[in-house]
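Asks: Just passing along the structure, written as structure tokens.
The values are calculated or read from the model by the stated rules, or taken from the named source; none is laboratory data. Remember, it's a predicted structure, so these values are computed and weren't measured experimentally. Reconstructed Cβ throughout: ideal geometry from the backbone, glycine too, with neighbour counts over all protein chains shown. Only protein heavy atoms, including side chains, enter the accessible area calculation; ligands, DNA and RNA are left aside. Shrake-Rupley method; radii C 1.70, N 1.55, O 1.52, S 1.80 Å.
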Amino acid sequence: MELLKAFSIVALTAAAAGAQPTVWVVGDSTANNVNRRGWGDPFADYFDPSKARTVNRARAGRSSRTFLTEGLWDKVRAELKPGDSVLIQFGHNDGGPPDKDRARGSLPGTGEESQEFTLPNGTRETVYTFGHYLRKMIEDTKAAGANPLLLSLTVRNIWKGGKVERGSGQFGRWSAEVAREQGVPFVDVTNAVADQYDKMGEARVKAWFPEDHTHTSPEGADFNAGMVVAGLKGIGSPLAAFLSEKGKVVEPYPVLLTTDRLNLPVPNDPKLPTLFLIGDSTVRNGRGDGANGQWGWGEPLMDRFDAAKVNVVNRAVGGLSSRTFLTMGWWDKVLRMMKPGDVVMMQFGHNDNGPLDDAARARGTIKGIGDESQEIDNPITRQHEVVHTYGWYLRKFIADTKAKGATPIVCSPVPRKIWKDGKVVRSSDSYQTWAAEVAAQEGVGFLDLNEIIAAKYDALGPDKVEPLFADEHTHTSRAGAELNADCVVEALKNGVPAGWLK
């Protein structure tokens, strides 16, 4: 989180020098509406006025485009000073037509595409993408020595199957992408609010939307303001140093849509079912961009599914075991996105064989699938921890998945490039067998990738298998990842709904 460190130095140094920082809010009517019905007004109550002032410059009816073209952004920019912060939240009005009605829509996406339109008043305007307008505000904020932050949208009162709609179109994802690209903090307001709405239920939430499904009552606006603060705390924002007593008691909301170094994806279309992948670097290596020539099989797997029918979301994290994927919070982030009808494929084992409490990783699990456990003092987290068996952690993922109304599928770990007597070595005396046993006990699908892929390697022979790996024996090249993905699809054909695969 280097960007937050830099943010902290600028903001706190300015405050220490006696220049009280200002926290600016720019956006639309969900942030600024009459009678304190936008979250940007009650937001001030969460800050100590002796430490920072808050100014709500959001304007009803505006998109990222019209906030700029009408000169509203220029007025904010003229008053910015070093150490200030600007919370930027747009998207509710960006999806409209660019040249009809209010002519406020931006082009979709985050690229630099543009198109010239004739507006209803007869003037000509070059319209850019949503991402272009966000970048303009970010660049101007940085040029003033201030700190930009991007926020995803507030949540509308639209429900389906007992769950509230999360966001409007792709604007939250695009905001996260621009934040990552520009190296600025991103606050996941959408999921912070939606998680709480789901817990509260449709009837209770409806009372906060007296007029329509978008604009809240003052009570709803105050709730949203608290969720913005929760999101700020969740990313470790230095703005937490300026909070009032009301702000200090807000519980942080952990990051879901993220600007972190791993570039982990989220479902492109929340209305579609999602196939989640969880595991280690053999499923997703690093940022999923082929660094050092190394690829996990989860990246090419996405190309084998029809994106119009299913999201494929690869949330595997390199270096983790079944234990640390759970204890480090990565599993909780997947659970928050999961809904009935989704599928979760899990593949662990490569990193489960290490020590339970070594000072380098502390990621090992107890061998086997029983209920044995061992208490340790974790040298990494400096917390007391109860460590369980490999099978226990798989059962935990399976149970949580079923509780969400989703379908779990267990995979044995893919084989390493280790040969013995002309054959690739299997893990048939350990993780391959244990994964199969857990799947059988729990009555869930099992893909024996260890055996399926090893048999392919045997048939190819050492010379042809060599270029399928990008290191000594564990991480595959793109060609190797493609082969493994093909093996997954072949094994999976009867395990996912018809039509998901291309």
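Asks: Out of the residues in the stretch 30-53 that are out of contact with any Asp or Glu (no Cβ under 7 Å at 6 or more places or on another chain) and part of a helix (DSSP H, G or I), state the one that is most open to solvent (accessible area, probe 1.4 Å).
Replies: Checking each candidate, the answer is Asn35.
Asks: Turning to a different aspect of this structure: Considering only residues that are in contact (Cβ under 8 Å) with a residue 12 or more places away in the chain and open to solvent by 40 Å² or more (accessible area, probe 1.4 Å), look in the stretch 61-78 and name the one that is nearest to the chain's Cα centre (by Cα).
Replies: The residue in question is Arg62.
Asks: Continuing with the same structure: Scanning for something crowded, with 22+ Cβ neighbours inside 10 Å, polar (S, T, N, Q) and part of a loop (DSSP other than H, G, I, E, B), does the stretch 221-230 turn up at least one residue?
Replies: no
Asks: Inspect the stretch 36-57 for any residue being over 21 Å from Thr216 (Cα atoms), among the hydrophobic types (A, V, I, L, M, F, W, C) and modelled with pLDDT under 95 and give the result as yes or no.
Replies: Checking the stretch 36-57: not a single residue is over 21 Å from Thr216 (Cα atoms), among the hydrophobic types (A, V, I, L, M, F, W, C) and modelled with pLDDT under 95.
Asks: Continuing with the same structure: When you look at Gly370, is it touching a helix residue (DSSP H, G or I) at 6+ places or on another chain (Cβ under 6 Å) and modelled with pLDDT of 95 or more, yes or no?
Replies: No; evaluated as a whole, the condition is false for this residue.
Asks: Filter the stretch 332-360 for residues that are at pLDDT below 95 and not in a loop (DSSP other than H, G, I, E, B); which is surrounded by the most Cβ atoms within 10 Å (Cβ to Cβ)?
Replies: Top of the filtered list is Val334.
Asks: Sticking with this structure for a sec: Inspect the stretch 348-363 for any residue being in contact with a Cys (Cβ under 8 Å, 6 or more places away or on another chain), under 24 Å from Gln441 (Cβ atoms) and not polar (S, T, N, Q) and give the result as yes or no.
Replies: There is no residue in the stretch 348-363 that is in contact with a Cys (Cβ under 8 Å, 6 or more places away or on another chain), under 24 Å from Gln441 (Cβ atoms) and not polar (S, T, N, Q).
Asks: Turning to a different aspect of this structure: Collect the residues in the stretch 54-102 that are touching a Leu at 6+ places or on another chain (Cβ under 7 Å), within 16 Å of Leu153 (Cβ to Cβ) and not in a loop (DSSP other than H, G, I, E, B), keeping them in residue-number order.
Replies: Those that are touching a Leu at 6+ places or on another chain (Cβ under 7 Å), within 16 Å of Leu153 (Cβ to Cβ) and not in a loop (DSSP other than H, G, I, E, B): Ser64, Leu87, Ile88.
Asks: Evaluate the following for Leu356: is it free of Cβ contacts under 8 Å to residues at least 60 places away in the same chain, farther than 19 Å from Lys402 by Cα and touching a strand residue (DSSP E or B) at 6+ places or on another chain (Cβ under 6 Å)?
Replies: Yes.
Asks: Of all residues in the stretch 419-442, how many are open to solvent by less than 70 Å² (accessible area, probe 1.4 Å) and of a type outside the set (Val, Ile, Thr)?
Replies: 11
Asks: On the basis of being under 20 Å from Arg416 (Cβ atoms) and modelled with pLDDT of 95 or more, does Thr365 make the cut?
Replies: So Thr365 passes the test.
Asks: State yes or no: is Val496 of a type in the set (A, V, I, L, M), modelled with pLDDT of 95 or more and open to solvent by less than 70 Å² (accessible area, probe 1.4 Å)?
Replies: When the stated conditions are applied, Val496 does not pass them.
Asks: Go through the residues of the stretch 406-428 one by one and say whether even a single one is within 22 Å of Leu320 (Cα to Cα) and in a helix (DSSP H, G or I).
Replies: No, there is no match, as no residue in the stretch 406-428 is within 22 Å of Leu320 (Cα to Cα) and in a helix (DSSP H, G or I).
Asks: Now for a separate question. Considering only the stretch 33-62, state which residues are more than 20 Å from Trp208 (Cα to Cα), touching a Gly at 6+ places or on another chain (Cβ under 8 Å) and of a type in the set (Gly, Ala, Ser).
Replies: Ala58, the sole residue that qualifies.
Asks: Here's something else I'd like to know. Considering only the stretch 117-126, I want to know if a residue exists there that is at positive phi and either open to solvent by 20 Å² or more (accessible area, probe 1.4 Å) or without any contact (Cβ under 8 Å) to a residue 24 or more places away in the chain (or both).
Replies: So far as the stretch 117-126 goes, yes, one or more of its residues are at positive phi and either open to solvent by 20 Å² or more (accessible area, probe 1.4 Å) or without any contact (Cβ under 8 Å) to a residue 24 or more places away in the chain (or both).
Asks: Let me ask something additional. What tally of residues in the stretch 369-408 results from selecting those that are open to solvent by less than 60 Å² (accessible area, probe 1.4 Å) and under 22 Å from the mean Cα position of the chain (by Cα)?
Replies: Going through the stretch 369-408 one residue at a time, the tally reaches 7.
Asks: Are there any helices (runs of 4 or more DSSP H) wholly within the stretch 157-214 with 2 or more residues that are under 19 Å from Val250 (Cβ atoms) and open to solvent by less than 50 Å² (accessible area, probe 1.4 Å), and if so which?
Replies: It comes to 189-200.
Asks: Just to be sure I understand the filter: pairs with C-beta atoms under 6 Å, separated by 6 or more residues or on different chains, first member in the stretch 128-149 and on the phi > 0 side of the Ramachandran plot, second member open to solvent by 20 Å² or more (accessible area, probe 1.4 Å). Which pairs pass?
Replies: Gly145/Pro82
Asks: Six or more apart or on different chains, Cβ atoms under 6 Å: show the pairs whose first residue is in the stretch 375-393 and part of a strand (DSSP E or B) and whose second is among the acidic types (Asp, Glu) and surrounded by 15 or more Cβ atoms within 10 Å (Cβ to Cβ).
Replies: Sorted first by the residue in the stretch 375-393, then by its partner, the pairs are Ile376/Asp357; Ile376/Glu385.
Asks: OK, next. Among the residues of the stretch 273-311, write down those that are open to solvent by 20 Å² or more (accessible area, probe 1.4 Å), of a type in the set (A, V, I, L, M, F, W, C) and outside any loop (DSSP other than H, G, I, E, B).
Replies: Listed by number, the residues that qualify are Ala291, Trp295, Met302.
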